[in-house]
Amino acid sequence: MSHYSTAFLCLIVFLKNACSTCSYTIDKSLKDELRVYRQKTKDMFYHAYNGYMKHAYPLDELRPLTCDGVNTWGNYSLTLVDALDTLAVLGDCKEFRKVSDLVLKNLDPYMNVNVSVFETNIRVIGGLISAHLLSHRCGLELEPGWPCDGPLLALAVEFAERIILAFGTKTGMPYGSMNLLRGVSPDETPITCTASVGTFILEFGALSRLTGDPLYEKIALRALNALNATKSEIGLVGNHVNIQTGEWTARDAGIGAGVDSFFEYLVKGANLLRNGELMKVFSEHRQAIYQYLKKGDWYFWADMKSGSTTLPIFQSLEAFWPGIETMTGDLDSAYRTLYHYFDVWHKFGMTPEFFRVDLWAVLKSKEGYPLRPELVESIMYLYRATKDPELLKMGMRIFDSIEKNAKTECGYATIKDVRDHTRENRMESFFLAETVKYFYLLFDPDNFLHSTGQRAVTRHTPHGKCILGAGGYIFNTEAHPIDPSALHCCSERTRDIANAVNAMDRVFSHQYTNSTGSDEVKKPSSSVLKCSPPPLDAALNFYGEMSRT
Ligand code: DMJ
């Protein structure tokens, strides 16, 4: 591998260990630079946001090369829904109020459209919950019961009521796709990726705690427990599972594509919902990950039964992991791995989807960079924990590279090949929901989302006294922040109605509604409803089509 920073890394980690009580200071010139990068990040956001609104809205995404729009994950105006809370984070309350109105008027949970259950949850439901909880900061009219009531919350609940139909399976693990209006087709494949089973507890837990209806949290936990029960004897989970039988159909264990947010939600779910059991489950997984997948400071893919390495690769999606390690206090490991990932970034000016570590080369057909957030996400978490100015500089370099290579006339384009920086006509909605938000949070040390309890707001509701904004925000996997204190505001209500709900009947009594009228099912572009291809596909590439740089 290219190892320009390997020796340097050892030195840094050594110095950091030796200096665990040192505190960093930010000098005036870095402070000035931070101010500049905050403005640059706002400019990046508005260039892409205005481009989307002008050329693509109400479709899901902007096509940044042709400056027009396309539906991808549904027919949600997805970029707008995903970007809504970023407006509040940037302090643009006027636009936040305007967009909240637009979303409330136009977003329809009963659309006749085939959707990914996972993406609808993390992007749409997550975005709505977050916007609901931030609406008090932006002067939206609040009803007396807020945060336990409110129109954005009600809309999130309506979407949840649709997608819970996917959970009516023998194991409790959900189907990957469904039709929002009609439910799950009898022909739907029962093969779902791990992340699409285990990435609901934050949104569903928040919905249950806010509305008092325990159903959502129960459903998410049932799916998580069923998934966890299928782990192998050595404690690993695979990539794709049959949700009716619990059998694994892709047995590659890893921390990246198809699996990633399952681990993320165990840690964040434990934190948000004060659920120690979830943390225990995570610790067991982490032990197996460290034992079988961690090779030096990299994480490879392995057979879930034997633990032997199948794919010596790094995936761009895996870069969320140092952020999780930061949350669990494994700072040394987080630093070391982050520097390795930054090495890959440094080689190309961005991280390719798949990178073969032993050959230090991009994998053919996985050479793109779709403006993903994971690396800057981890940098942001590690910076918040350490205040190490080197991390700010790292973030600035990554920012510059995106600005230089991905900016187009009307937005920012996916990089088709990190080796020559050619571009592709796509700007995923997570660019405005996550990538830009994490840059801003890195460069804005005083952002309200960084609150550590010095400031808070008190509100009196019919459910009692409520403290909000006291910090500890938990971001869902699409970077939509959830204020944990808001969840406690509604706990009285939970006790009131907890016994009145005959929960699971709603899920199991569902029948697929066949088309009765002439309305056509709206089809998003072809492959979007599937999980990322299992790494097994990539394994085949290794032996024929490896491309070296
Ligand atoms: C986002 O939609 C989410 O972060 C998801 O968990 C993984 N992929 C993208 C960003 O890369």
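Per-residue ellipticity at 222 nm, computed for the chain from helices alone with -39500 (n - 2.57) per DSSP H run of at least four residues, works out to -13500 deg cm²/dmol.
The Cα center of segment 342-389 and the Cα center of segment 263-304 differ in position by 20 Å. Applying both filters, DSSP loop and at most 13 other Cβ atoms within 10 Å, to the trypsin sites (Lys or Arg not before Pro) of segment 203-303 gives ARG274.
Distance between the C-alpha centres of segment 413-469 and segment 92-140: 15 Å, rounded to the whole angstrom.
By how many nm would the segment from ASN225 to ALA154 grow when fully extended, if each residue of separation counts as 0.36 nm and the alpha-carbon distance is taken off? Please list the in-between numbers first.
Values: separation 71, 0.36 × 71 = 25.56 nm, distance 2.75 nm.
Here the segment from ASN225 to ALA154 would lengthen by 22.8 nm.
THR337 sits with roughly 0 Å² accessible to a 1.4 Å probe, with DNA, RNA and ligands left out of the calculation. Here the extension length gained between SER306 and PHE448 equals 46.5 nm, from 0.36 nm per residue of separation less the Cα-Cα distance.
The trypsin sites (Lys or Arg not before Pro) found in segment 450-487 that occupy coil by DSSP, while having at most 13 further C-beta atoms within 10 Å, are ARG455. In this Cβ point-charge picture (+1 for Lys and Arg, -1 for Asp and Glu), the chain has a dipole of about 660 debye about its Cα centre.
For segment 29-110, compute the orientation-averaged projected area of the C-alpha convex hull (one quarter of its surface), in nm².
Working: hull surface 25.0 nm².
In nm², the orientation-averaged hull projection of segment 29-110 is 6.3.
A straight chain from GLU492 to TYR46 at 0.36 nm per residue would run longer than the Cα-Cα distance by 156.5 nm.
Can you tell me the mean projection area, over all orientations, of the convex hull of the chain's alpha carbons? Units nm², please. Can you show the working numbers first?
Details: hull surface 98.1 nm².
Mean shadow area of the hull around the Cα atoms is 24.5 nm².
When Rg and Dmax are taken over the Cα atoms of segment 302-445, they come to 15.2, 50 Å. For segment 147-181 versus segment 31-73, the spacing of their alpha-carbon centroids is 29 Å.
Within the chain, the longest run free of exposed loop sites, counting GluC sites (Glu not before Pro) that sit outside DSSP helix and strand states (H, G, I, E, B) and have at most 14 other Cβ atoms within 10 Å, spans 248-408. Taking only the Cα atoms of segment 181-306, the radius of gyration and Dmax are 15.0, 49 Å. With each label modelled as a point 7 angstrom along the Cα→C-beta vector, the SER365-ASP108 pair spans 3.7 nm.
Round to a whole number: what % of the accessible area of the chain belongs to carbon and sulfur, probe 1.4 Å? Can you show the working numbers first?
Working: 10510 of 20780 Å².
With neighbouring chains kept in place, the figure for the chain is 51 percent.
Heavy atoms of the protein chains alone define the surface here; on that basis the chain has 38 Å² accessible area per residue at 1.4 Å probe size.
For LYS28, a cut-off of 21 angstrom between C-alpha atoms picks up these lysines, skipping any fewer than 8 places away in its own chain: LYS40, LYS387, LYS393.
Based on Cα atoms of segment 242-371, Rg over Rh with Rh as the Kirkwood radius reads 0.97. Among beta bridges identified by DSSP and lying wholly in the chain, the antiparallel ones come to about 95 percent.
Short to long, the 10 Å bins of the Cα pair-distance histogram for segment 365-486 hold 12, 36, 28, 16, 7, 1 percent of all pairs. Using the Cα centre of segment 62-190 as origin and beta-carbon charges of +1 (Lys, Arg) and -1 (Asp, Glu), tell me which of THR66, VAL113, VAL103 is placed farthest towards the positive end of the dipole. Towards the positive end, the residue furthest out is THR66.
Each Lys and Arg adds +1 at its Cβ and each Asp and Glu adds -1 at its Cβ; summed about the Cα centre, segment 222-293 shows a dipole of about 220 debye. Return P(r) of segment 87-200 (all Cα-Cα pairs; 10 Å bins starting at 0; whole %; ordered from short to long distances). Bin by bin from 0 Å, the calculated values are 13, 41, 28, 16, 3.
The values are calculated or read from the model by the stated rules, or taken from the named source; none is laboratory data. Please read all numbers here as calculations on a predicted model, not as lab measurements. Note that we place each Cβ from the backbone using ideal geometry, even for glycine, and neighbour counts take in every protein chain shown. What goes into the accessible areas is simple: the full protein's heavy atoms, side chains included, and nothing from ligands, DNA or RNA. Shrake-Rupley method; radii C 1.70, N 1.55, O 1.52, S 1.80 Å.
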